[in-house]
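Engineer: Take a look at the following structure, please.
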Amino acid sequence: MAKSLKGASKTVVNSWNEWDPLKHVIVGRADFCCIPAPEPALDAKVPEDSDMRGMHGPRPQATVEKANAQLDNYAKILESRGIRVDRPTPIQWNRSVGTPDWQVDSMFGCMPPRDVLLTVGKEILEATMSYRCRWFEYLAYRPLLEAYFEDDPGMRWEAAPKPRLTDKDYRADYLSDKIGIEKRLKWMAEKYFVTTDHEPLFDAADTCRMGKDLFIQHGFTTNLKAMNWMQRHFPEHRVHPVNFPGDPYPIHIDATFVPLRPGLIINNPKRKLPEAQRKIFQKNGWEIVDAAQPAHKTPPPLCYSSVWLSMNCLVIDPKTVCVEASEVYQMEQMDKLGFEVIPVPFRDAYAFGGGLHCATGDVYREGKCEDYFPKQ
Ligand code: GLY
C-alpha cells in the first residue's frame, strides 16, 4: 500500500481553474535533467538559431544546482504563503529507454510538472506526452499520485492512453533544421504542425482550465485527436481548440494565453488569438489584453523556451501573482491590473523546462466548477 505523506496537511485533490486560491501544489526539481538527443517532435521545437542544436546529454551540474536553488526558494516562498508544496522524485534521466517501437538515448527531467499532470477538479490526469524522451516522465510523480490516491478517497487518478509515438505521429517535412521562420509561420497559419492526428497526443500544459471550459492549444504537442479524446473523457466540460498563428514553435499555452482572474486574460502580443476564436470571450464579457513586453532580448543559455516566459506567471489567488523577479515590465503590468506581485527569481531554472507556471502542478485550489462562459 502506498504511504501517505507524513506530516502533511490532509490531502484533497480539487482544482478547476488557474486563479482560485491555491493551497497545495507540486514544484518540480532539476536533478539529472538532460538535453535530449534528436527525435522528430523535439527537433521541430528547438529554435533554428538555438545554441542547443546538435547538443545532447546531461546538463552541467553547476546549472542543475543553480536551478534547484531557485526551485527550492520558490517552494519556500509558496510555503510562506500557507501553500503546501510537494516535490517529485527524480529518476536518473540520463539513461537510454525504449518501447517496442523506438529507443532514445536519454529522457528529459521533472522540472515542469505542468507539462505532465493535468488537474481537472478531483482528477489528476497523466498526459500522453508527445516527445519520446518524455514518455516515462510520469514516473517521477507516481510517489505523489499514489499518496494522494491513498489519502483522498475522492481523488480520481487517470492516465491517458500511452501513445505509440512511431514515425506516423510526425510530419517528415519538419525533419529539416532549416525550415525558416517565414515557412513556419505559413504552416502555423495553416495548422500544419509537426504532430499528425494519427493517435491522441497531448502535453498537459496545452490546456488552460477555466471552470467548465477547457481551452486547449492545437500545436506541436497537442493534436485534434487528443481534444476529441479529452471531450469524451470530460463529458461535463466544453473543450475549445485554440491556436496562435504567430508562434513559430507552438508548444504549451502558458507563455501565450494566461487567465489572471474571471474576466481577464493576458495574450502574447506576437501570438494573438484569431478573431473568430475571440467571440466566446467577447460574448461573455471577458477582456483579453496584450501582455507586457519581456525584459530580456534572449532566453538564458540552453533554453528551449522563448523570452515570453515573462508572462508564465503563477496566480495564487485572484489578487496575488508570482512573476519572475527580473521581468520588470510584466510586474508593472500586474501591479496596474490590481495584483499584489510576488517577485520570484527563476531565470536559472528556465532552461530546465519553463517558468513559474510550468514549474508547478495544481493539487488543491479552493472553489468549485463554475460556468464562466454561459453564452457559447
Ligand atoms: N512555449 C513557450 C515559449 O514561449 O517558449
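The values are calculated or read from the model by the stated rules, or taken from the named source; none is laboratory data. Not measured: the values here are computed from a predicted model. When we count neighbours, we look across all protein chains shown, and the Cβ atoms used for this are built from the backbone with ideal geometry, even at glycine. Surface accessibility is based on the protein's heavy atoms, side chains included, excluding ligands, DNA and RNA. Shrake-Rupley method; radii C 1.70, N 1.55, O 1.52, S 1.80 Å.
Engineer: Where a ≥ b ≥ c are the square roots of the eigenvalues of the C-alpha gyration tensor, would you call region 25-147 rounded, which needs a/c under 1.5, or, failing that, prolate if a/b is larger than b/c, or oblate?
Structural biologist: On the way: a/c = 1.98, a/b = 1.36, b/c = 1.45.
Oblate, since a/c reaches 1.5 and b/c is not below a/b.
Engineer: Starting from the residue with the highest accessible area, list TRP93, TRP187 in decreasing order, probe 1.4 Å. Walk me through the intermediate numbers first.
Structural biologist: Details: TRP93 0, TRP187 30 Å².
The residues order as TRP187, TRP93, largest area first.
Engineer: Can I ask one more? Where only protein heavy atoms count, and the probe is 1.4 Å, what is the accessible area per residue for region 178-286 in Å²?
Structural biologist: On the way: 3980 Å² over 109 residues.
About 37 Å² of surface per residue is accessible.
Engineer: Given points 7 Å out from each Cα along the Cα-Cβ axis, report the ARG81 to GLU236 separation in nanometres with one decimal.
Structural biologist: 2.7
Engineer: For ARG87, ARG59, write out the residues from largest to smallest accessible area, computed with a 1.4 angstrom probe and no ligands counted. Working shown, then result.
Structural biologist: On the way: ARG87 45, ARG59 15 Å².
Ranking ARG87, ARG59 by accessible area, largest first, yields ARG87, ARG59.
Engineer: Taking θ as phi - 60°, what are the ³J(HN,Hα) couplings along region 210-221 by the Karplus curve (6.51, -1.76, 1.60), each to the nearest whole Hz, with x for Gly and Pro?
Structural biologist: Couplings: 10, x, 5, 10, 10, 9, 10, 6, 8, x, 6, 10 Hz.
Engineer: Give the accessible area for ASP152 in Å² (nearest 10); use a 1.4 Å probe, count only protein heavy atoms, and leave out ligands, DNA and RNA.
Structural biologist: 10
Engineer: Using a probe of 1.4 angstrom, how much of the accessible area of region 236-357 is carbon and sulfur, in percent?
Structural biologist: On the way: 2410 of 4440 Å².
Taking all protein chains in place, region 236-357 shows 54 percent carbon and sulfur surface.
Engineer: If one computes the Cα centroid of region 94-134 and of region 287-303, what distance in Å separates the two points?
Structural biologist: Using only Cα atoms, the two centres lie 26 Å from each other.
Engineer: Give the carbon-plus-sulfur fraction of the accessible surface of region 133-219 in %, rounded to a whole number; probe 1.4 Å, heavy atoms of protein chains only. Present the calculation step by step, with values, prior to reporting the outcome.
Structural biologist: Values: 1910 of 3630 Å².
On region 133-219, the fraction of accessible area on carbon and sulfur atoms equals 53 percent.
Engineer: Considering only protein heavy atoms, what per residue accessible area in square angstrom results for region 23-167 with a 1.4 angstrom probe? Could the numbers behind the result be given before it?
Structural biologist: On the way: 5510 Å² over 145 residues.
Ligands and nucleic acids excluded, the figure is 38 Å² per residue.
Engineer: How much solvent-accessible surface does ASP49 expose, in Å² to the nearest 10, with a 1.4 Å probe and all protein chains in place?
Structural biologist: ASP49 exposes around 140 Å² with every protein chain in place.
Engineer: For ILE316, which sequence-distant residues (separation of 5 or more, or a different chain) have an amide H within less than 5 Å of its own amide H, given hydrogens modelled in the peptide plane?
Structural biologist: Amide H to amide H, under 5 Å and 5 or more residues apart or across chains, ILE316 pairs with VAL321, CYS322.
Engineer: Rounded if a/c is under 1.5, else prolate if a/b beats b/c, else oblate: with a ≥ b ≥ c from the C-alpha gyration tensor eigenvalues square-rooted, which is region 142-301?
Structural biologist: On the way: a/c = 1.61, a/b = 1.15, b/c = 1.40.
Cα axes put region 142-301 in the oblate bin.
Engineer: Follow-up question, since we're still on this one. Can you bin the chain into rounded, prolate or oblate? Criterion: square roots of the alpha carbon gyration tensor eigenvalues sorted a ≥ b ≥ c, rounded for a/c under 1.5, prolate for a/b above b/c, oblate for the rest. Could you put the intermediate results ahead of the total?
Structural biologist: Working: a/c = 1.20, a/b = 1.07, b/c = 1.12.
Rounded, because the longest to shortest axis ratio a/c is under 1.5.
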